[in-house]
Amino acid sequence: LVPSDGTAILMECCMCLEAMHNPVTLPCGHNGCKTHLEQSLGINPRCPVCRQEVPPEFTRDMHVNIDLKALIGKAYPGLDIQRQRLQEEEERQFQTNATIQEAVNLWFADRPACKCAIVLYWNITSYQ
């Protein structure tokens, strides 16, 4: 099963615009990746497409749409494994960054002026 352009659009996350990973269907009927919807609804409890309010009980207990996940799995074989690896790498990177930030905060606890200069330098050089 190779999705046509029209079908591929139906399998896209409303936020990342890629084939959905662990798709969730909101009460309004729109779909998205579970991780992306959790992040979005954690900030604003409204559908990112139609802005309809999403009930708090739904956001606390989101379930993957297993039928849609199976359909996407058939259309894009291997995607689930690829996305799982990417998500694990992102989590490792997040943990590494958190550990670095923790060490920086500990080292600079008694040196606030020095920390300000280093953080400013870090922010400037990280965008180059």
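The values are calculated or read from the model by the stated rules, or taken from the named source; none is laboratory data. Every value quoted in this text rests on a predicted model; they were computed, and no experiment measured them. For neighbour counting, all protein chains shown are included, and Cβ atoms are generated from backbone atoms with ideal geometry for every residue, glycine included. The area values use the complete protein model at the heavy-atom level, side chains included, leaving out ligands, DNA and RNA. Shrake-Rupley method; radii C 1.70, N 1.55, O 1.52, S 1.80 Å.
Here the range 30-104 is assigned +1 on the Cβ of each Lys and Arg and -1 on the Cβ of each Asp and Glu. Its dipole about the Cα centre then comes out at about 280 debye. Sites listed here are GluC sites (Glu not before Pro) in the range 1-96 whose DSSP assignment is loop and whose Cβ has at most 15 other Cβ atoms within 10 Å: 18.
With both labels modelled 7 Å from their Cα along Cα-to-Cβ, the residue 106 to residue 43 distance reads 3.1 nm.
Note on surface exposure: 21, 63, 30 rank 63, 30, 21 by accessible area, highest first, 1.4 Å probe. Going 7 Å from the Cα of residue 18 along its beta-carbon direction, which residues of the range 74-104 have the amide nitrogen within less than 19 Å of the resulting point? Backbone N within reach: 74-95.
Close amide H partners of residue 46, meaning residues 5 or more places away or on another chain with modelled amide H under 5 Å apart, are 54.
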